[in-house]
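Below: the structure, in structure tokens.
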Amino acid sequence: MASPQTENGFTSLANEILEQVSRQRFNGIQRSIIDTVWRYTYGFQRKDHYLASSFIAEAIKADLKGVKVEMQRLIDWNVIRVVQEGHGARPRKISFNKNYDEWTVGENPPPKIKKVAGVESSTAVVESSPPLMGESSPPKKERKKVLKKDNKNNKGAAKEMASKTKLAKSREDKQEYADEVWLKPEEHTKLLNEFGQEGLTWMIDVLSSYKLSVDKFYASDYAVFKKGGWLRMKYEDHLAKQNKPVFQSKSERTKSVLDEAMAKELNGDGTGRRDITNEVHQLGLPELRS
């Protein structure tokens, strides 16, 4: 039976915000997006955060295309604000606009107009014809500079393409459990068994925030959770600050129980039982000696 407790985490919201949101005619997906933004901003005592549409779609179990459409509507209505645009693999940073007087829920935003030479137009005029080579062409030295710059741009484009290929390969057969945290389902299951839901969620959030803040790339996010690594040590410090015992893996917990039972037998505090049957020979169960 589910039994949520505030000591396991809660999101602090002003009642006035809840009242204003409940008065708006948000559809189901829009309200779910708002709830998710609250969860990963106010729920962690922060005003904004890097949140990809794919992550939100996974969190609310909705179609990614629909989430993108409704997210854009919320942005157009000034309910959700874009604090920082995304760049490369990094998603954009967004926040919830608590100034409800600025909301324009239900209104259609005007079409975006591009300005060309001081004149408003729906399309931009671009000169597509190549430069003519002749008397008006730049001198040879200048042309070399242009070619060198083009080569540099081509190398940069090739490097960026290789980086994207490497990134895509590292995410094969993996799922995104938080922004920029990719794990195979079986890896996630192993970590869940080792740390529990609360511990794993905490560590994934820390890893996500770190990768987004420094634009870090790991070939394997699963390896970051290894014993002796910075993430595990950070989690142990977190438990220590809360006066909670440091976690133990299943094998460590089993070993601890067996060691305790052995100590009791050696001290004469155990049961003293030796279950001997035809299937288990006496030589297979040596007596414990002090």
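Observations, loosely collected:
- Restricting Ser12, Ser3 to those that are at pLDDT below 95, in contact with a Phe, Trp or Tyr (Cβ under 7 Å, 6 or more places away or on another chain) and loosely packed, with under 11 Cβ neighbours inside 10 Å reduces the list to Ser12.
- Breaking point among (1) modelled with pLDDT of 95 or more; (2) hydroxyl-bearing (Ser, Thr, Tyr); (3) under 15 Å from the mean Cα position of the chain (by Cα), for Ser32: (3)
- Among (1) of a type in the set (D, E, K, R); (2) more than 17 Å from the chain's Cα centre (by Cα); (3) surrounded by fewer than 14 Cβ atoms within 10 Å (Cβ to Cβ); (4) not in a helix (DSSP H, G or I) - the single one Lys98 does not satisfy: (3)
- Scanning the range 158-217 for residues that are at pLDDT 85 or above and on the phi > 0 side of the Ramachandran plot turns up just one, Gly196.
- Counting only residues that are closer than 13 Å to Trp38 by Cα, out of contact with any helix residue (DSSP H, G or I) (no Cβ under 8 Å at 6 or more places or on another chain) and either not small (Gly, Ala, Ser) or not assigned by TED's automatic domain parsing to the domain that holds Arg46 (or both), the range 1-20 holds 1 of them.
- Look at the range 1-30: where a residue is of a type in the set (Ser, Thr, Tyr) and a partner is surrounded by 10 or more Cβ atoms within 10 Å (Cβ to Cβ) and part of a helix (DSSP H, G or I), sitting 6+ places away or on another chain with Cβ atoms under 7 Å, you get Thr11/Trp38; Thr11/Arg39; Thr11/Tyr42; Thr11/Gly43; Ser12/Tyr42.
- All told, Ser22 falls short of being touching a strand residue (DSSP E or B) at 6+ places or on another chain (Cβ under 7 Å), part of a helix (DSSP H, G or I) and at pLDDT below 95.
- Among the residues of the range 44-87, those identified as part of a loop (DSSP other than H, G, I, E, B), without any contact (Cβ under 8 Å) to a residue 60 or more places away in the chain and of a type outside the set (S, T, N, Q) are Arg46, Lys47, Lys61, Ala62, Asp63, Trp77, Val79, Glu85, Gly86.
The values are calculated or read from the model by the stated rules, or taken from the named source; none is laboratory data. It should be emphasised that the depicted structure is a prediction, and the values quoted were computed from it without experimental measurement. Because the Cβ atoms are built from the backbone with ideal geometry, glycine has one as well, and the counts that use them run over all protein chains shown.
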